[in-house]
C-alpha cells in the first residue's frame, strides 16, 4: 500500500500542489456479507456459499480496512486497502466443505473534478485495482469410500480501474456521495457501487453508508464469482 501512495503523490501535478491539498486518513469497518460461487469444468464441480456478517465475525482469521485521500479544487488521489481472512466449515448432504479465503484488495487512482467546488461536484477517476486472492475449498464425503477433493485458486490480478463519484452537501456539516466503478484486465471483470453520508466534526468526519463489490476470477478450469455487500462505518481524520 505504501508503494502505491508514493506513486500517487508523485503523480500529483505541481500546479495542484501549489494551490494546497486537503488529506484524509480513514480507518473503517465494512459489515459485509460474503457470497462465493465456484465451478470447475473437469471434473464438473459446483459449490456456493452465502455467509452473513454475524457468521463472518465468528469465522474471521483477520481483517484490516483503510483509505487515504487527498484533493485540491481540481484534482485528487486516493488509495483504498482491504484485507480479509476467513475460514468456514459447512455440513451438506453427503459431504462437508471447508473454505479458506484470504483476500487483499487495493484501489489506487487519480481523479479530476468536472465542475463544482472542493467538497461537492462530479469526479471521474482512473487507476489500478490490485487483487490478491487465495481461495481453497475442500470437499470431504461422509462416506470414506469416496475421495476428498480440493479446489484451489491462488492468484494476483491487476486491472485498469475506471469510475465516477458525485458528491454534494445538503448543509454545512452533512455530505452525500454516490460512487460507481468497474475494472477489467487480469480478472474477468469487477464492479462496485456505494452510497455514503458524512458528518463533519472539528478534526474530521464520520462516514457511513452501504457498499457492494462483485468480481469474477478464475483460470482455464475454474470460475469463481465473489461478492461482498453491507453497511460501512468509518472516521476520516483530516489534515
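The values are calculated or read from the model by the stated rules, or taken from the named source; none is laboratory data. Computed from a predicted model, the values in this text were never measured in an experiment. Because the Cβ atoms are built from the backbone with ideal geometry, glycine has one as well, and the counts that use them run over all protein chains shown.
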Item checked: Search result, residues across the range 162-176 that are in contact (Cβ under 8 Å) with a residue 24 or more places away in the chain and either farther than 13 Å from residue 120 by Cβ or more than 16 Å from the chain's Cα centre (by Cα) (or both) -> 162, 163, 164, 166, 167, 168, 169, 172, 173, 174, 175
Notebook entry, point to check: modelled with pLDDT under 90, part of a strand (DSSP E or B) and more than 21 Å from residue 234 (Cα to Cα), is that true of residue 73?
Noted result: no
Note to self: Residue under question is residue 230, and the condition is that it be surrounded by 14 or more Cβ atoms within 10 Å (Cβ to Cβ), in a strand (DSSP E or B) and in contact with a helix residue (DSSP H, G or I) (Cβ under 9 Å, 6 or more places away or on another chain); does it hold?
What the structure shows: yes
Note to self: Can you report the number of residues in the range 85-108 which are out of contact with any helix residue (DSSP H, G or I) (no Cβ under 8 Å at 6 or more places or on another chain) and in contact (Cβ under 8 Å) with a residue 24 or more places away in the chain?
What the structure shows: 15
